[in-house]
1. By how many degrees, 0 to 90 and rounded to 10, does the Cα axis of helix B:195-205 deviate from the longest principal axis of chain B?
2. Report, in deg cm²/dmol and to the nearest 500, the calculated mean residue ellipticity at 222 nm for the protein assembly as shown, where each DSSP H run with n ≥ 4 adds -39500 (n - 2.57) and the sum is divided by the residue count.
3. Find the relative contact order for chain A and round it to a whole percent, using C-alpha pairs within less than 8 Å whose residues are 6+ positions apart.
4. If each Cα of the range A:119-257 is one equal point scatterer, what is log10 of I(q)/I(0) from the Debye formula at q = 0.17 Å⁻¹?
5. Whole number please: convex hull volume per residue of the Cα set in the range B:71-204, in Å³?
6. Hey, what D do you get for the range A:80-186 in µm²/s if you plug the Kirkwood alpha-carbon radius into Stokes-Einstein at 4 °C and 1.567 mPa s?
7. Label-point separation (nm) for residue A:254 and residue A:178, each offset 7 Å from Cα along Cα-to-Cβ?
8. Compute the helix-to-body angle for B:113-132: its Cα long axis versus the longest principal axis of chain B, expressed 0 to 90° and rounded to tens.
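Laboratory data are not the source of any read-out in this text; all were calculated from the coordinates shown. Keep in mind it's a predicted model, so treat the numbers as computed, not measured. Backbone-built Cβ (ideal geometry, glycine too); neighbour counts: all protein chains shown.
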């Protein structure tokens, strides 16, 4: 039974990686915009839940509806005012979003103070052969699976997904076919931000909400997307699965910090062997 | 070899540095000179990235990691040995080895610019996490407790090599730091205009062409990166001994962001620019953070956003362009006036 619990925990770790990196896989994997402020978008999702909780909103409503909405709109705003000037200039994008990241972190610290705010939602716990597993773990795994399936379906089987993928591949051709690339970029960035906000809100009950909570996730999110490679969904699943198992199994054997180190070490070695990520070599024809 | 004007500029900069090095301790307020030491140390740190990014074209987002490794290596060794001679050597060696190891994975894996940035940043974050979690008494290397987020206090000051009892006073540490800054500046200038520097610049400009000309691009980058890591470590060691204290914030993203901003603001193509920008922006950031409600992160982030948006080539090159432009305008105006005068005379 212990091995079953370990498996559930590994799945939960992988689901966590999927959650924090889906928004980034759209913004970075598809749009090629390196958003260093990704962690701060997560943090804003967390703060949306905190604020909504103070206003008396149902926490589930705040987590699943309000947080993606608020962060998505914020993403659209940032894209229009700031990011759109940097398309095609990767290095400048890096620097600009890093500035944005520090700015957001500082602003939130000024406004809300540098303290951890807890968010409590309870789903009880489930009995697995005498060992108890938090119900929230199952919830996270389910949401991560739903997000992956929904993203796959939208990208592969809807016109919206086709337009988005086409525009990212060749904006000039898309424009010639009466599609406004600028609007597509804005919408895609908004959707990526919304997914990030959702992830931040979902992780808030586990980690607590602090202005610096994004820093803890940004490295893992980037490493997952990069290790995944060009095929964004298959890549995210395979990288999150591999890295999630490595970090969680190491965590069981030692401490969570060593688990983190193991994750990053494996990722760096992986990039030495497969410089284009997992899907640069395997499953090349998937999305 | 350096061009003549470049040689003159370097000589002038070195002269100014030497005058400050020997003059300030004699004439300025000792407390202020001590405070200046921090700026000098950070300027060495700025030079390390100016070399890696400006000459080698390697965008390192985790330069703070090597700075911090240098500082921690110095602190741990100095506390254990009781003498700082070996500690100084380790402050150079540990970051250089770390940079070489990380560089091996990055350059021999042929990661491109953007991935390089992300991987170096991740490297720095992971050390930050690791050191932060070492607060308990079970985490120690020899006699030195790592202290986790509390940092390592009471790091001994530098002493004359081989004589632990002959400790340098704060003014001497200032002179040493400034001397090292001048030395690093000169060495980098010479390296940049040497054969190796030119190969590195060729690799930066066009990797494929440099490779086709028979240069091992990966090895060239590895050397530049390792050298940069070593210089950052030197700055970190000085920082640790100057503050007599070091904490994991040296590994934070803010530290790496700061140095990047200095180099960007100072201009990528120069060494003097980042030094000036480092000192100037540190003053500005300190002033703003002390006198307004916003904190230093807001200021840093704001500066970075504005820089990238408005002045991608840097503040100091932009000022130079402005100066050239206004001199040009004055010349044109002057010439126009004299032409008018000539025409008047002819009429």
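1. 80 degrees
2. That comes out to -24500 deg cm²/dmol.
3. Result for chain A is 34 percent.
4. Log-scaled intensity ratios, in q order: -1.15.
5. Measuring per residue, one finds 143 Å³ for the Cα hull of the range B:71-204.
6. It diffuses with D of about 70 µm²/s by this estimate.
7. In this crude label model, residue A:254 to residue A:178 measures out at 6.0 nm.
8. Roughly 40 degrees between the two axes.
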